[in-house]
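Report on the following structure.
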Amino acid sequence: MKEKPPTVEGKITESLPNYQFLVELENESIIRAYVSGKMKLYKIKIMIGDRVELFIPEQGEIARITRRK
């Protein structure tokens, strides 16, 4: 059975062009994140102040927003 990737929660602080956002993580660090393809497909809107769930790859440069809470 396939394992779920590790995720973290954060809060949207700023909107950037091309479906990208600045997200403040629980440990108060800020990371750039982009919206996942399924969220674009179903046109799920993300606003400043929303709590989101992120997948951060091992490189840790840009995270992917997987769901809005």
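The values are calculated or read from the model by the stated rules, or taken from the named source; none is laboratory data. This is a predicted model, so every value here is computed, not measured. For accessibility, only protein heavy atoms count, side chains too; no ligands or nucleic acids. Shrake-Rupley method; radii C 1.70, N 1.55, O 1.52, S 1.80 Å.
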TODO: Being open to solvent by 80 Å² or more (accessible area, probe 1.4 Å) and in a strand (DSSP E or B) is the filter here, so list the residues in the stretch 21-45 that pass it.
DONE: Ile30, Arg32, Tyr34
Open item on the list: Given the criterion open to solvent by 50 Å² or more (accessible area, probe 1.4 Å) and modelled with pLDDT of 95 or more, identify the matching residue among Ile65, Ile48, Ile12.
Closed with: Ile48
